[in-house]
């Protein structure tokens, strides 16, 4: 007869172990950012883009540059509606990556995130190069050749270090102030320019699209280049999990953002083409001020003292905002890399978090190297063209995803729902997103057709990423189209000393299996054993085939049961090995009784602990309740659990679901955010 006192002691020890796990500090999620943070990230990018994109767009659109920016501003408003609705529907870090995940699958989610990583690296390079051009008003050599490259490389390193150390709320507020100051400065230049140099006839005098000035291909390409300025929406949507803005605030952000973009871009392009108009097949703006177009606009104003004042103000303001935009782009890389790594779309090593600052420092370092390499050619138009390749893919996926989610998740609460919807097929189709998807897809086709380097570099980057993704998923035994997540702790660099060198985890193919394996992983990696020469902790996943007495133990098993076991063990291996220093071995055994098999395997393998689910007790009572000689059946655990607790040669740690597990086999319900 088993010693009941010994069983109670085992259960008490189990309770102490579980309480020790529960006492470990857990992060508290609290949204601490408001409208200013959203505004800062969006308009630092939008405002900064005007400083370098105005002349590049004018080089292709010529006298129709104001019209191009007007159309781009419409796309910006449409995109803002899409991103605000998508981010309010699924407030997770990732922007179009998240939207595509819920609308389509993990492969499309990866495509969006992968192209954006290249875009952010290009944006860092473009911003630091442009910052050096504007600083040339203070010291001319900084805008020339070797000095410019050296300054830009130093700026890339600075941006990388700042992002490794972390971008805190206080810095975002200062960024908001900087964005406002620059918007006011640009507005002042526009107002003065409208009074002094504005002439609508001069702007459109040489425009003749039919005669090829500009050509239709140049015009379409210019529209695409103008719209890439709004990729700041991606960075801002990545903050959605941290932003607390009400429904009214979201509507106000979309309205104010759209009007500000229209006024600043439309007004500045009118003033620029009035003062530096099209002459022949080029504009004076792009011919003489390709690298610092706003300085060119200022130099056409009067009087001299005002010109000098504005030049220095623009030089300082533009340089600061451009470096801040580079910081924002690197922040976008951080969040994209974190999202891709935690969803097993890229190797966890790339998303590894810094032990002190908890930022993905490896991804930031890789992005910094990429940005530094992109700086060296010193060709803004080349970089912006490649940038458009990825931006148009991300925009297209974002718009399509929000359309699909209207049908796939029609009843999910939407703090913000864009206007102008049409009832089609039992759902509300958002016309702004449809328009955005069409324009973005057309823009991507234009870039592919008319920009060779975008085809080569952008297409090569995308192809490399797809191969990496598929090979990585296949070699890890993970599905290509389904989501696989890992906890943040799996990305931390510090490896822990293992409290348990080996843990046996019975796998039953239930929704609770992931939680059981995660509990075992936390115990095994609690203090790390990878550095003590023992090779790390081991989790042994065990599936028991219970064979009825009517069949011999070696009888053939149904293929469905075999497939179920293999799938469950593969999943357990994927989850368990995300913990630093932990390895997972899997095995199957045949037995007449599951509890006996678990205990027997624990003895044979010499494990130090068993982690398993607290099996629910049977509702059938026996013993004295039915006139038998024994006492009533205990009502705290089931027979398998009780057998293992009483008979196991090691400590047994039980887990239980936080709430009722749905009967359909889904994951346990969790509280709403």
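The values are calculated or read from the model by the stated rules, or taken from the named source; none is laboratory data. Worth saying up front: this structure is predicted, and the values here are computed from it rather than measured. Note: ideal-geometry Cβ built from the backbone for every residue, glycine included; neighbour counts use all protein chains shown.
Of the residues examined, residue 498 is not one that is modelled with pLDDT of 70 or more and over 30 Å from the mean Cα position of the chain (by Cα). Going through (1) surrounded by fewer than 14 Cβ atoms within 10 Å (Cβ to Cβ); (2) at pLDDT 75 or above; (3) under 26 Å from residue 351 (Cα atoms) one by one, residue 559 falls short only on (3).
Determine if region 75-88 includes at least one residue that is out of contact with any helix residue (DSSP H, G or I) (no Cβ under 7 Å at 6 or more places or on another chain) and assigned by TED's automatic domain parsing to the domain that holds residue 234.
Scanning region 75-88, I find no residue that is out of contact with any helix residue (DSSP H, G or I) (no Cβ under 7 Å at 6 or more places or on another chain) and assigned by TED's automatic domain parsing to the domain that holds residue 234, so the answer is no.
Considering (1) at pLDDT below 90; (2) surrounded by fewer than 24 Cβ atoms within 10 Å (Cβ to Cβ); (3) within 21 Å of the chain's Cα centre (by Cα); (4) part of a helix (DSSP H, G or I), the lone condition that residue 79 does not fulfil carries the number (2).
For region 446-456, state whether one or more residues are in contact with a helix residue (DSSP H, G or I) (Cβ under 7 Å, 6 or more places away or on another chain), surrounded by fewer than 20 Cβ atoms within 10 Å (Cβ to Cβ) and outside the structural domain of residue 397 (by TED's automatic domain parsing). No, that holds for no residue.
Would you be able to say whether some residue in region 412-425 is farther than 19 Å from residue 219 by Cα, assigned to a helix (DSSP H, G or I) and either without any contact (Cβ under 8 Å) to a residue 60 or more places away in the chain or out of contact with any helix residue (DSSP H, G or I) (no Cβ under 9 Å at 6 or more places or on another chain) (or both)? No, that holds for no residue.
So is residue 525 modelled with pLDDT under 85, more than 26 Å from residue 164 (Cα to Cα) and surrounded by 15 or more Cβ atoms within 10 Å (Cβ to Cβ) or not?
no
All conditions in (1) surrounded by fewer than 15 Cβ atoms within 10 Å (Cβ to Cβ); (2) within 32 Å of the chain's Cα centre (by Cα); (3) at pLDDT 85 or above hold for residue 671, with the sole exception of (3).
Exactly one residue out of 156, 228 is modelled with pLDDT of 85 or more, touching a helix residue (DSSP H, G or I) at 6+ places or on another chain (Cβ under 7 Å), surrounded by 24 or more Cβ atoms within 10 Å (Cβ to Cβ) and in the same structural domain as residue 77 (by TED's automatic domain parsing): that is 156.
Okay, residues lined up against (1) free of Cβ contacts under 8 Å to residues at least 24 places away in the same chain; (2) surrounded by fewer than 24 Cβ atoms within 10 Å (Cβ to Cβ); (3) under 17 Å from the mean Cα position of the chain (by Cα); (4) not in a strand (DSSP E or B):
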site: 287; (1), (2), (3), (4): yes, yes, no, yes
site: 307; (1), (2), (3), (4): yes, yes, no, yes
site: 324; (1), (2), (3), (4): no, no, no, yes
site: 337; (1), (2), (3), (4): no, no, yes, yes
site: 346; (1), (2), (3), (4): no, yes, yes, yes
